[in-house]
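See below for the structure under consideration.
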Amino acid sequence: MTIGGVLEAMGTRDLRANLRAVVERVEAGSPVVCLKDGQPLAVMISHAEAERWRKIEDSLAALHALGVYPEALADPSDLADLASLKPPDRSTIRKLTSEPRAILSPLRTIGVSDARAAFATLVAEVAQGRVRTIVAGGHLAVAVIPAPEYDRLRALTRSVSWFRGAGLDLTTATEQHIINFVHAYREAAGEEQAAV
């Protein structure tokens, strides 16, 4: 898992000059943030990590259908009270659902040589919210995502970890697994309250 890991920061010139080596490092699990004038514009993560987050977004959508909005909680430990957890108000839900999720963008690829040649344009497009995937060695290697999207995903890692610790892996769970988990969790909590 590279989201939440230690980020290496590089300027756009250095990234462009060393793109092939950077792509190999990122693909191996070391994310790199692209800086311009000291400001983060984009973050390079492995394609496998981007795919993992696309699956997590599907799981979050299933949780939303059940009235569970982990992104709305200040502290993921509040999920422990899943049985009586109230959905947020309508304006919060509207805000959450209208928030861009760049990780779900359609797949747009570019070869590593082309990415190097047009690196400034690539980073500018990504900074505008368009994810690009760099192809290296004939396979999808690295996703370049906007810096705010990286921050959003990093904020979600604690909730994803809570669910994993509670027995639900959001990266592999089907909709039915999520429904069963939430219902079982709520049922168990209801039985505990009835016993008290």
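Any read-out appearing in this document is the output of simple, stated calculations on the displayed coordinates, not a laboratory observation. Not measured: the values here are computed from a predicted model. Neighbour counts run over all protein chains shown; Cβ positions are idealised from the backbone, glycine included.
If a spin label sat at a point 7 angstrom from the Cα of Asp37 along the line to its beta carbon, the backbone N atoms of the range 112-132 nearer than 15 Å would be those of 124.
Looking at the chain, the DSSP beta bridges with both ends there are about 70 percent antiparallel. Projected over every direction and averaged, the convex hull enclosing the alpha-carbon atoms of the range 1-56 yields 3.8 nm². In straight-distance terms, cross-link reach from Lys86 covers every one of the lysines whose alpha-carbon lies under 27 Å from its own, apart from those fewer than eight places away in the same chain; here that gives Lys55, Lys95. The angle separating the long axis of helix 147-166 from the principal Cα axis of greatest extent in the chain is about 40 degrees. By the Cα gyration tensor, the range 59-190 has an equivalent ellipsoid whose semi-axes, rounded to whole angstrom, run 35, 16, 11 from largest to smallest. Relative to the longest principal axis of the Cα atoms of the chain, the long axis of helix 47-65 lies at roughly 30 degrees. Its DSSP H runs of at least 4 residues, each contributing -39,500 (n - 2.57), put the calculated 222 nm mean residue ellipticity of the chain at -16000 deg cm²/dmol, to the nearest 500. When Ile145, Ile110 are arranged by Cβ crowding within 10 Å, least crowded first, meaning fewest neighbours, the order is Ile110, Ile145.
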